[in-house]
Amino acid sequence: MNLGGTSESNEKSGSADPSEYASPFLQMKNVTKRFTTGDVIVEAVRDVTLDIYHREFLVILGPSGSGKSTLLNLLGGLDTPTEGQVLFEGRNLAEFDRRQLTWYRREVVGFVFQFYNLVANLTAMENVVLAADLVENPLNPEEL
């Protein structure tokens, strides 16, 4: 499944269209995420606007409880914003169907959780290698 962006021929040859780097491939536009428990409303992420470009290295820092995990869950398509939009190549993740979200989570984003034992008897590296075996065009786990 190719939702857009690079052509399959470019993906296979390893060459990249320079124009794909000119605009962000992942964006947050005025994203807010609120959680409600009873009468208590917690604003975990407030009015975040963010552009992420191909090959960009991004670090998200902040104290415990500052919304880092919520922000990553929103970017990863694991949660939806209360307000605003999360866009992948200009398409709103909230409008993706289940199949498109599965593709996005498998082929575009990846998570290594703080407690990485996804398969308890495997090391962190073995878990990454296992995940790489599931995608069409994996990165080399040794380079990560």
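What follows is calculated from the coordinates using simple rules that are stated; it is not laboratory data. Please read all numbers here as calculations on a predicted model, not as lab measurements. Because the Cβ atoms are built from the backbone with ideal geometry, glycine has one as well, and the counts that use them run over all protein chains shown.
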Please give the residues of segment 68-87, grouped as numeric ranges, whose backbone N is less than 18 Å from a label point set 7 Å along the Cα-to-Cβ vector of residue 35. 68-83
Expected output is a single nm value to one decimal: the length gained when fully extending between residue 125 and residue 78, i.e. 0.36 nm times separation in residues minus the C-alpha distance. What is it? 14.6 nm
Calculated FRET value between residue 107 and residue 69, using beta carbons and R₀ = 25 Å, to 0.05: 0.70
Environment charge of residue 43, counting only residues whose C-beta is closer than 13 Å and scoring Lys/Arg +1, Asp/Glu -1: +1
